[in-house]
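First up is the structure itself, then whatever we jot down about it.
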Amino acid sequence: MEFHHVSVMLEETVEGLVTDPAGTYVDCTLGGAGHSSRIAESLTPEGRIIGIDQDAAAIAAATEKLREARCRVDIVHDNFRNLENILTAQGVSKADGFVFDLGVSSHQLDTAERGFSYMQDAPLDMRMDTECAFSAYDVVNAYEERELARIFHEYGEERWSKRIAAFIVKARQEKPVESTGELVDIICRAVPKAVRRSAGGHPAKRVFQAIRIEVNDELGILRHAFQVAVAHLKAGGRIAILTFHSLEDRIAKQVLKEMSRGCICPPGLPVCVCHHRPEIRLIGKPMTAAHEELERNSRSKSAKLRIGEKL
């Protein structure tokens, strides 16, 4: 299947990110190179893009799409949890910009056999890095009931987390849950009919999100990666973070807010003793997709774009 992903708030992101046409920019979630290809158009031949992705299909698609870029392009097959080591290997101590386009790509959702979608029956997978052994199958079939309920509640904000976990454990006592279709059936049986009729969206949406986050440790790596990126920004360089659900946006908001604060002493102290200085300044308020984009791309509805500039 051809790699297809529509980048959300593409122009807003690149406009907010690129400050030096001859600078170095790191796309930490390369995907199909939607953002990187647009960044490349803004750079001179002296500019450089480093693109990082853990998905082999994304690497192949991005390599082809960026083949004719006039700036230097270096593509790295890795996870941005290793950003510090990647920058060292690329000989980069300071960069002009970092972009994080978080969550799952359109291609991953639309490729049935990847197992990300609750709308298509496929093996339980959900691995962004297909070389990783751990998958959604392991979560659904090996986690204890209490642990399943926890991740459904914490990562999916699912109201019926305990009931869904109990139904999964009961079902797998007869046979392993092997496909997304089987999992959807279990979830639909667990969620009361009246709730399914009144609630917005598919009853499996939150559970699938939770399992995907658990499989790929999506939240666990964010705070450190954002901090590493800011530490490697030049003065005036920028970090742009696109989030698609409240959990990852909360982390982005907290990290950027903490880094933009000055004194962090307890309120009762008469004078500052911490001597903490802000590392970044926030550029405007979080942006959301324009009306026209919302109409042509439903996946942009929950997106928020936050940008910070290194002081």
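Where a number appears in this text, it was derived from the coordinates with a stated rule and is not lab data. Predicted model, so just to flag it, every value in this text is computed and none were measured. Neighbour counts run over all protein chains shown; Cβ positions are idealised from the backbone, glycine included.
Some notes on this structure:
- Mean Cα-pair separation over length for the stretch 123-216, i.e. relative contact order, pairs under 8 Å, 6 or more apart, %: 37
- Evaluated on the stretch 14-96, the Kirkwood hydrodynamic radius is 12.5 Å, with distances taken between all distinct Cα atoms.
- DSSP bridge analysis restricted to the chain gives an antiparallel fraction near 35%, rounded to the nearest 5.
- Treating r as the C-beta distance of Ser42 and Gln254 and R0 as 22 Å, the FRET efficiency rounds to 0.15.
- Once you reduce the stretch 49-84 and the stretch 128-144 to the center of their Cα atoms, the two points are 25 Å from each other.
- Normalising by residue count, the stretch 123-216 has a Cα convex hull of 85 Å³ per residue.
- Of all segments of the chain bounded by GluC sites (Glu not before Pro) found in a DSSP loop with no more than 12 other C-beta atoms within 10 Å, the longest spans 175-311.
- In nm, spacing of pseudo-spin labels at Ala56 and Lys193 (7 Å Cα→C-beta vector): 4.6
- Subtracting the Cα-Cα distance of Ser179 and Arg70 from 0.36 nm times their residue separation leaves 34.8 nm of extension gain.
- Rough spin-label spacing in nm, given labels placed 7 Å along Cα→Cβ, for Val92 and Ala142: 3.4
- Cα shape, the stretch 49-162, gyration tensor, a/c 1.5 rule: prolate
- Long-range lysine pairs (8 or more apart or interchain), the stretch 190-286, Cα under 23 Å: 6
- For the chain, calculated [θ]222 nm from helices alone, where every DSSP H run of n ≥ 4 adds -39500 (n - 2.57): -12000 deg cm²/dmol
- Length-normalised contact order of the chain in % [C-alpha pairs under 8 Å, at least 6 apart]: 18
- Summary of packing: across the peptides 49-62, 262-275, the per-residue average of other C-beta atoms within 10 Å ranks them, highest first, as 49-62, 262-275.
- Ordered from longest to shortest, the equivalent ellipsoid semi-axes for the chain are 35, 25, 18 Å, each the square root of 5 times a Cα gyration tensor eigenvalue.
- The Cα atoms of the stretch 227-277 give a gyration tensor whose axes a ≥ b ≥ c have a/c of 1.5 or more with a/b no greater than b/c, which makes the shape oblate.
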